[in-house]
Amino acid sequence: MKIVIIGGTGLIGTKTVERLRSRGHDVIAASPNTGINTITGEGLAEALTGAEVVIDLANSPSFEDKAVMDFFDTSGRNLLAAEKTAGVRHHIALSVVGTEKLQESGYFRAKLAQEKLIKASDIPYTIVHSTQFMEFLGGIAQSGTVGDTVHLSPAHVQPIASDDVAEAMTDVALSAPMNGMIEIAGPERSKLSDLVARYLAATGDERKVVPDTEARYFGARLEDGSLVSDNNPRLGRTTFEQWFPTLARK
Ligand SMILES: NC(=O)c1ccc[n+]([C@@H]2O[C@H](COP(=O)([O-])OP(=O)(O)OC[C@H]3O[C@@H](n4cnc5c(N)ncnc54)[C@H](OP(=O)(O)O)[C@@H]3O)[C@@H](O)[C@H]2O)c1
């Protein structure tokens, strides 16, 4: 089966491309670096010719409010229009658990706009809502850093390793469209501020984490349940303890 992975050179994209190729599928890793661009349209029609499934794993180069909205809106419109012309039978996208509750944030407003475009198109689809990737903990720490301290909410998180996300994306690509959403999460819940403190200590980073219920998460104030799934998520296998040494080996 021909499968096009938009953002196929990114963190989740690379791992999903590998898994689907190893199962014998004809997979195109699409990204500006491979000459396929969902913003300019470059290479898109050619890449989609004959494709049955498209997995959208692209991310915006900028998280600034207007830039990120422009990215997901333009990319979503161009991609869905090109898929319609090509006769694609399953559109899959990766979004974030809690997106609808985090609308104070420009990033999550853009992800919701992306989801709405998909639901409004007549292409059969599956939206996968994931919790935070373990690989994103450093980025979260950076986003809350002021000087030598990191201000983060103590709201609960249930992070998932990127390998487990790619495994789920692979299974969804090889299943029928749900015309709905599934949620995926890691095996363990902890407080965001505690987990990032543990991550920083493990990496030898001396920044101190200050738990703060008012600290914003990419612009949004968190309730305790904002970032966790109560929708019977599919659980990844990898715990933080198992994942952390794999980071050091890369
Ligand atoms: N981080 C998290 O914790 C988290 C949690 C849940 C869901 N998600 C979602 O997961 C998705 C994938 O995230 P990721 O961390 O794997 O992303 P990533 O590593 O940042 O990769 C982004 C990919 O998008 C591609 N891209 C950028 N502009 C493009 C364009 N104009 N046309 C086509 N491709 C373009 C990049 O290509 P180049 O390499 O050529 O630039 C790259 O392959 C995102 O949509 C994100 O919202 C993230």
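The values are calculated or read from the model by the stated rules, or taken from the named source; none is laboratory data. Note that the coordinates shown come from a computational prediction; the quantities given were computed from them, not determined experimentally. All Cβ positions, glycine included, derive from the backbone under ideal geometry; neighbour counts span all protein chains shown. Ligands, DNA and RNA are stripped out before the accessible areas are found, and what is left, the full protein with its side chains, is counted by its heavy atoms. Shrake-Rupley method; radii C 1.70, N 1.55, O 1.52, S 1.80 Å.
For this structure, a couple of remarks:
- Distance between modelled label sites at ARG198 and ALA45, nm, 7 Å Cα→Cβ extension: 5.2
- Between the alpha-carbon centres of segment 158-202 and segment 16-61 there is a gap of 22 Å.
- Backbone HN-Hα couplings from phi across segment 145-158 [Karplus 6.51/-1.76/1.60, Hz, Gly and Pro as x]: 7, 10, x, 9, 10, 10, 9, 9, 5, x, 4, 6, 9, 9
- Probe 1.4 Å, protein heavy atoms only - accessible area per residue of the chain in square angstrom: 45
- Across segment 177-250 the C-alpha pair distances fall into 10 Å bins from zero in the proportions 15, 37, 37, 10, 1 percent.
- Rounded percent of accessible protein surface that carbon and sulfur make up, segment 2-249, 1.4 Å probe: 52
- 222 nm mean residue ellipticity, helices alone, for the chain (DSSP H n ≥ 4; -39,500 (n - 2.57); rounded to 500): -11500 deg cm²/dmol
- Cα-based radius of gyration of segment 119-197 once divided by 2.2 N^0.38 Å, which approximates compact folds: 1.37
- Kirkwood-type hydrodynamic radius, segment 1-144: 15.5 Å, calculated from all non-identical alpha-carbon pairs.
- Protection proxy ranking, highest mean first, for peptides 206-215, 156-165: 156-165, 206-215, where packing is the per-residue count of other beta-carbon atoms within 10 Å, averaged.
- Put a plus charge on the Cβ of each Lys and Arg, a minus charge on the Cβ of each Asp and Glu, and nothing anywhere else: the dipole of segment 51-129 about its Cα centre is then about 140 debye.
- Dipole size of the chain about its Cα centre, with +1 on Lys/Arg Cβ and -1 on Asp/Glu Cβ: approximately 320 debye, rounded to the nearest 20.
- For the chain, radius of gyration divided by Kirkwood radius, i.e. Rg to Rh on alpha-carbons: 0.97
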